[in-house]
Every structure is written in structure tokens, then in C-alpha cells.
Amino acid sequence: MSDDLRLLQAARLKGRPSESDLIAAAGLAAADGPAAVQALVESGALDRVGARVKLTQAGRSGLDALLAAERATVEHELLRQHYADFDAINADFKQLVTDWQLIDGGRPNDHTDPEYDGRVIARLADLHERFVPLLAVFTRLVPRLAVYPDRFAAALAKIHAGDTAWIARPLVDSYHTIWFELHEELIGLAGLSRLREAAAGRAE
């Protein structure tokens, strides 16, 4: 499996991550990641912007080629079948996030009602349990996705430890952030369009 593919795709999905966040999202070992990132910087595929890194145009072109090669190895019919299974859980997750942010679909949740928040968190735990077997299928079909189970589990552990920011806070590896990134991966691997998925109400 190509470290370049994992790093470049993580950079695309995250925008301008810190180097440590990029390495973690790509699933590389902390000891090996910096050298791999630096090699991509020196090749012109990544650029440093202060303490962060971003994908260059050359990096995007290289990533497109790597993703195309990966897609050629995927069982597309099987992936699309399981993507349909993902749709159902995705609808539940979207509603869960809405309920976390809004009470009764309209009033902002100020998180002063621990019973209400607790019910939403319990729903997330149930959803995660339902999702794990399907996630395992995706990681078998596309080995590069094997980093996702640990990322989801880490976010859920932080939530259960009392830090509910890890449900849906942007710009950190919250459960919602990871879900969005996995959904992007599945859309691309299945040869679908995010615009069409959004128009059909299936994209976050």
C-alpha cells in the first residue's frame, strides 16, 4: 500500500492539516511519518504553509492517478452494493447530528440538558455498533481504509470520557469529521459524484 496515496488523500480531505494530524489520519507510524511527508514536500506534491501542509496542483494530479489505479483493483459491484447499506446508516447519522445540534429540529441545543444529550450519545453508541461490521467490509474491499476503525473508536472513546466536542466539532478528528471523510472515500471509490449524492440527499 502506498504511503504517498494515504498521505496525499488525507491532505486532500483535510485541506490544510498540521503534519501530525496528517500523519495520524493517514495511519502512518509517528516515527516514520515525518520523513514520508518531507519526501512529498521535496517532490512538490505537498507544500508547507506555516505549521501546516497542503496539497499542490502537482500533488493533486499525482493523487488522481494513484486513486485511479486503486479503483481498478476494487470490486465495484460489491462496493456499490455495500454503499447502499451505508446510505441507510448515513441517514440515521445525519439525523443524529441534527438532533445533537438542534432540539426538536429548530432550537439550538445549548447542551444544558444532560438527559437529552445522553440519549443522543446512547444513539451514537448504538449506531457505531451497527456500523462496525459494515466498516469491516469496506476495509476488506479497500485495505487503505483500515485506519478508519481506529479513528472512529478513538473519537467515541473521547465522547464516552466526557468530551462531547468529539461528536461533531469541525477541524478535529471528531466522529462527524471522520464520517464525512469516509463518505468522501466511498463516493470516489464507487465512481459516484458528490454533487449528485448531495442532490439526492445522501451527502452531509
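Output the helices (runs of 4 or more DSSP H) that fall wholly within the range 49-151 and possess 2 or more residues being within 21 Å of the chain's Cα centre (by Cα), of a type in the set (A, V, I, L, M) and under 16 Å from Leu182 (Cβ atoms), or say none.
On the way: elements: 57-71, 76-101, 114-141.
So the answer is 76-101, 114-141.
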Take the range 1-28 and flag every residue that is part of a helix (DSSP H, G or I) and hydroxyl-bearing (Ser, Thr, Tyr). Ser20
Residue pairs, Cβ under 8 Å, 6 or more apart or interchain, first in the range 71-97 and closer than 16 Å to Glu129 by Cα, second of a type in the set (Lys, Arg) and part of a helix (DSSP H, G or I). List them. Ile89/Arg130; Leu96/Arg123
Test result for Gly44, over 23 Å from Glu184 (Cα atoms), touching a helix residue (DSSP H, G or I) at 6+ places or on another chain (Cβ under 8 Å), loosely packed, with under 14 Cβ neighbours inside 10 Å and not assigned by TED's automatic domain parsing to the domain that holds Leu13: no
Taking the range 174-204 and keeping residues assigned to a loop (DSSP other than H, G, I, E, B) and either in contact with a Leu (Cβ under 6 Å, 6 or more places away or on another chain) or modelled with pLDDT of 95 or more (or both) leaves Ser174, Ala190
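The values are calculated or read from the model by the stated rules, or taken from the named source; none is laboratory data. The shown structure was predicted, so the numbers you read here are calculated from the model rather than taken from an experiment. Reconstructed Cβ throughout: ideal geometry from the backbone, glycine too, with neighbour counts over all protein chains shown.
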